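Okay, structure first, notes after.
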Amino acid sequence: MGKYFIEEPGQLETLQQMCEDHTLLNPRGIFEVREWIPTPSNSYTTYRVLTGPTGGILAAGLIYNHNKDSDRRIPPTYQNPPLLRSSSTIYFWGKSFSGPLEDPHSDYFLNSRDIRSNIHQGGKCIPLVEHPPREISHYEKEVLAAHGIDPDLPLLPRDIVRQAPVVGRVVGKVAGMVIGQDYIQHRDTQESYLIDINTGPGEATWLECHGGRDFTSPARAITQMSIAGLLSIAGIR
């Protein structure tokens, strides 16, 4: 299931109508409603923190996506979806119900503004390390400054540095060798909030922080992450 920015009453009504029309849909088990948190800078942003099973921080980055002023909308996930009318059966794509909400021809089309900053949705990662392995662009420095981070010394905010190891120690014991924690920073208060935990965090943040994007394959990067997690158990890393 994707992320949908509900900013108009009509969008919420459409979502409710889909659940009423299709009794197999259990909104309590499918949808999670969260308060909108505005982020600093002119991009939608999140922090991605990789931690090992003992809670040690292995890598961290600030993920940012397109300009907030672009009014970009979520494109359809499926190019040739089945029937999506209110009078028809909704076809289930695994556990995803994104199709009816994203297809302009569907009765349940939300036309939701795209607020996602995910790497696989076109987001980019700014490495948060003392010595970045690549040059930080001018715009990225603006994004960092808006988050209260020194562009010349881009480090993870202190509140996340305190919280991430605690979460890593608790979740890492049961979730896997390396987990990805996602945080979002409030534009006005500068406070950071944990919003998601990923047991398959991907390799992008690791590669950005350890300078391997140009020569390391995803499979090799994931192996390196796992080794780093094992070393953290041994207290070597």
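Worth a mention:
- Some residue of region 179-202 being more than 27 Å from residue 33 (Cα to Cα) and out of contact with any strand residue (DSSP E or B) (no Cβ under 6 Å at 6 or more places or on another chain): no
- Test: residue in region 151-162 that is over 13 Å from residue 47 (Cα atoms), touching a strand residue (DSSP E or B) at 6+ places or on another chain (Cβ under 8 Å) and modelled with pLDDT of 90 or more: no
- Qualifying residue in region 193-201 (condition: at pLDDT 95 or above and more than 13 Å from residue 59 (Cα to Cα)): yes
The values are calculated or read from the model by the stated rules, or taken from the named source; none is laboratory data. Keep in mind that what you see is a predicted model, and the values were worked out from it rather than measured. Note that each Cβ is placed from the backbone with ideal geometry, even for glycine, and that neighbours are counted across all protein chains shown.
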